[in-house]
Amino acid sequence: MFINKRPSWALPHSLVTPERIYLDRRRFMSGAMAGVAGLAVPGLLPAAALPEQGESLVFSSTSRFSTDEEKTPYEDVIRYNNFYEFGTGKDDPARYADEMSVDPWSIAVEGECEKPGVYGLEDVLEPHRYEERVYRLRCVEAWSMVIPWIGVPLAEVLERFEPNSKAKYVYFETLHDPEQMRAQRSMFSTIDWPYQEGLRMDEAMNELAFLAVGLYGKTIPKQNGAPIRLVVPWKYGFKSIKSIVKIRFQEERPKTTWEMIAPREYGFYANVNPEVDHPRWSQKRERRLPSGLLSPNWVETEKFNGYGDQVAHLYEGMDLRKFY
Ligand SMILES: Nc1nc2c(c(=O)[nH]1)N[C@H]1C(S)=C(S)[C@@H](COP(=O)(O)O)O[C@H]1N2
Ligand SMILES: [Mo]
């Protein structure tokens, strides 16, 4: 549990203990084999640790929720991004996200729970085992990717903070540091920083909701939301908030960044839905990346991004045109 034997948030990951580094190497060997074979090896791997940026990140199993569709090439996943803290251009995050430092990293946990506090990322991840999940990511702008994430189920992490019965929603916040995030220094930004997101508690506890700390077998690149970001595959990409520094359990529905900017265009729910068009464009299909300018790779958009078996029950009886 969250008994902080050492204040690890005070230390960079690289300085924690020599044993940990040694274990990382061993885990790399055994885990690499498990990963390649795609086998779950319960009990084989010790508690999670997070290697430094750019290093290999080992996972103990590949999730049954993974798609076997063709993955979007690594180069596209790390070069075509939305991370407005670094600019609105698709290539801005790849260019500038390196100005953000992610080590050490801590997460403040607040609100309706028994275990609030400020936790070092190591302590948040420690008891968990990483798995790989190959998910579709569907941006509201009508492009999509297939990304092999590595991380832990969101529910497993949230449960450890012991949310109480008043916790109806969970709120997430991205780092706000204008010195490291150049668009937060801009006077022309439309976003009221920090970037904020939220889920209804039952959505957050759904088996598909995931916290990613890696992709393509390595720690997650900064432009993709290092060191830890949300992945909610049945919702438009903007729900999948990056570089999380705060988690708050609350009774009221949180205000979320895109809803605050344009409430008629971006709702709180933001479930992928080809039947409900964006006011300015159709959501019936999407460009699956890589997609040529002259011959776009169009695919039909699926309701709940194809994850209806896992999540449709969450919205039974709700009018998804109203709760978009
Ligand atoms: N903090 C923060 N998180 C964010 C965004 C952002 O601008 N800032 N963009 C969102 C949008 S619109 C999408 S589509 C995904 C893109 O994730 P990717 O760049 O890893 O593909 O991140 C989401 N998370
Ligand atoms: Mo997006």
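The values are calculated or read from the model by the stated rules, or taken from the named source; none is laboratory data. Everything numeric here is computed off the predicted structure, so don't read it as measured data. When we count neighbours, we look across all protein chains shown, and the Cβ atoms used for this are built from the backbone with ideal geometry, even at glycine. Ligands, DNA and RNA are stripped out before the accessible areas are found, and what is left, the full protein with its side chains, is counted by its heavy atoms. Shrake-Rupley method; radii C 1.70, N 1.55, O 1.52, S 1.80 Å.
Tabulated data for the structure shown
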item	result
Positions within the stretch 291-307 being open to solvent by 20 Å² or more (accessible area, probe 1.4 Å), out of contact with any strand residue (DSSP E or B) (no Cβ under 7 Å at 6 or more places or on another chain) and either modelled with pLDDT of 95 or more or at positive phi (or both), in sequence order	302, 303
Residues that are within 16 Å of ligand 1 (Cβ to nearest atom) and either more than 21 Å from the chain's Cα centre (by Cα) or hydroxyl-bearing (Ser, Thr, Tyr) (or both), drawn from the stretch 240-260	240, 243, 256, 257
Test: residue in the stretch 63-74 that is of a type in the set (S, T, N, Q), open to solvent by 50 Å² or more (accessible area, probe 1.4 Å), within 15 Å of residue 223 (Cβ to Cβ) and in a loop (DSSP other than H, G, I, E, B)	no
Yes/no for residue 156 being more than 16 Å from ligand 1 (Cβ to nearest atom) and either touching a Phe, Trp or Tyr at 6+ places or on another chain (Cβ under 8 Å) or without any contact (Cβ under 8 Å) to a residue 12 or more places away in the chain (or both)	no
Evaluation of residue 110 against (1) near ligand 1 (Cβ under 10 Å from one of its atoms); (2) surrounded by fewer than 20 Cβ atoms within 10 Å (Cβ to Cβ) (one fails), failing number	(1)
Hey, residue 122 at pLDDT 95 or above, crowded, with 22+ Cβ neighbours inside 10 Å and away from ligand 2 (no atom under 16 Å from the Cβ) or not	yes
Filter pass, residue 168 being more than 23 Å from residue 68 (Cα to Cα) and in contact with a helix residue (DSSP H, G or I) (Cβ under 6 Å, 6 or more places away or on another chain)	yes
Test: residue 133 is modelled with pLDDT of 95 or more and crowded, with 19+ Cβ neighbours inside 10 Å	yes
Residue in the stretch 263-276 that is open to solvent by 20 Å² or more (accessible area, probe 1.4 Å), part of a loop (DSSP other than H, G, I, E, B) and either under 23 Å from residue 159 (Cα atoms) or of a type in the set (Asp, Glu) (or both) present	yes
The stretch 130-144 residues that are under 14 Å from residue 224 (Cα atoms), paired with ones that are open to solvent by 10 Å² or more (accessible area, probe 1.4 Å) and within 11 Å of ligand 1 (Cβ to nearest atom) (beta carbon under 6 Å, 6 or more apart)	137/237; 139/237
Selection from the stretch 86-106 of residues that are over 18 Å from residue 231 (Cβ atoms) and open to solvent by less than 20 Å² (accessible area, probe 1.4 Å)	86, 87, 100
Residue in the stretch 268-279 that is more than 16 Å from ligand 1 (Cβ to nearest atom), modelled with pLDDT under 95 and not acidic (Asp, Glu) present	no
Residue that is out of contact with any Leu (no Cβ under 9 Å at 6 or more places or on another chain) and not hydrophobic (A, V, I, L, M, F, W, C), where the choices are 185, 200	185
The stretch 281-317, subset touching a residue at least 40 places away in the same chain (Cβ under 8 Å) and of a type in the set (A, V, I, L, M), residue nearest to residue 77 (Cα to Cα)	289
Selection from the stretch 123-152 of residues that are under 17 Å from residue 246 (Cα atoms) and out of contact with any Leu (no Cβ under 7 Å at 6 or more places or on another chain)	123, 124
Cross-chain or 6+ apart pairs with Cβ under 6 Å, the stretch 72-92 first and in contact (Cβ under 8 Å) with a residue 40 or more places away in the chain, then open to solvent by 30 Å² or more (accessible area, probe 1.4 Å) and part of a loop (DSSP other than H, G, I, E, B)	74/216; 76/290; 80/90
